[in-house]
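Here is the structure we will look at.
Read the figures in this text as sums done on the coordinates, not as results from a lab. Since we're looking at a predicted model, the values are computed, not measured. For neighbour counting, all protein chains shown are included, and Cβ atoms are generated from backbone atoms with ideal geometry for every residue, glycine included.
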Amino acid sequence: TQILVLNGPNLNLLGTREPGIYGAKTLPDVEADCHAIAAELGITVRCAQSNHEGTMVDEIHAARDTCAGVVINAGAYTHTSIALHDAIAGTGLPVIEVHISNVYAREEFRHHSMIARACIGVIAGLGTAGYELALRAMTDHLKAGGP
Ligand code: DQA
């Protein structure tokens, strides 16, 4: 079983970008953690990051052939992208939305997600541990054969 961990715009800057909000770990640190958790869970992960909306759409489409589910931090596209919503809905893959920060404690423009209604669940505000929690939840979801 493989799960795609897809990070969106500006998440390549993790570790240096507003560390008070997003923490000290770099994206390679976070991805290494995902691989370690995957090994523990008996699954594999494919990690990808893009600053481009269309590339993220392509990644979600490609995941249909290679992955059983997707963990996505769509960054700012979360709040704007109907295209990402449609890609998630269109592939029918189970998707868990992750945010490192508590978007609900921040600016109003971060309070609405365009993609959440196409996702099976959302994790926000728990730091980069959110990716690990999402991988555990996705593994349970896939085992249960849930919707
Ligand atoms: C984020 C929250 C978004 O509002 C923001 O645009 C990001 C990161 C998070 O992980 O907390 O780029 O998705």
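Of everything in the stretch 87-115 that's in a helix (DSSP H, G or I) and near the ligand (Cβ under 9 Å from one of its atoms), which residue is nearest to the chain's Cα centre (by Cα)? Among those that are in a helix (DSSP H, G or I) and near the ligand (Cβ under 9 Å from one of its atoms), it is Val103. If you check Ala39, Ala134 for being at negative phi, of a type in the set (A, V, I, L, M, F, W, C) and loosely packed, with under 15 Cβ neighbours inside 10 Å, only one passes: Ala39.
For residues that are assigned to a strand (DSSP E or B) and within 11 Å of the ligand (Cβ to nearest atom), tally how many sit in the stretch 1-51.
The first filter runs over the stretch 1-51 and keeps only residues assigned to a strand (DSSP E or B), leaving 2-7, 44-49.
Still in the running and within 11 Å of the ligand (Cβ to nearest atom): 7.
Residues meeting the conditions: 1.
A Cβ distance below 6 Å, combined with a sequence gap of six or more or placement on separate chains, defines the contacts here; from the stretch 63-81, residues that are on the phi > 0 side of the Ramachandran plot and touching a residue at least 60 places away in the same chain (Cβ under 8 Å) reach residues that are in a helix (DSSP H, G or I) and within 15 Å of the ligand (Cβ to nearest atom) in the pairs Gly75/Leu11.
Residue under question is Thr78, and the condition is that it be of a type in the set (Ser, Thr, Tyr) and within 23 Å of His141 (Cβ to Cβ); does it hold? Explain how you work it out, then say what you get.
Values: of a type in the set (Ser, Thr, Tyr): yes; within 23 Å of His141 (Cβ to Cβ): yes.
Yes; evaluated as a whole, the condition is true for this residue.
Going by what's in this entry, would Val57 be described as of a type outside the set (Phe, Trp, Tyr), in a helix (DSSP H, G or I), crowded, with 16+ Cβ neighbours inside 10 Å and free of Cβ contacts under 8 Å to residues at least 60 places away in the same chain? Answer is yes for this residue.
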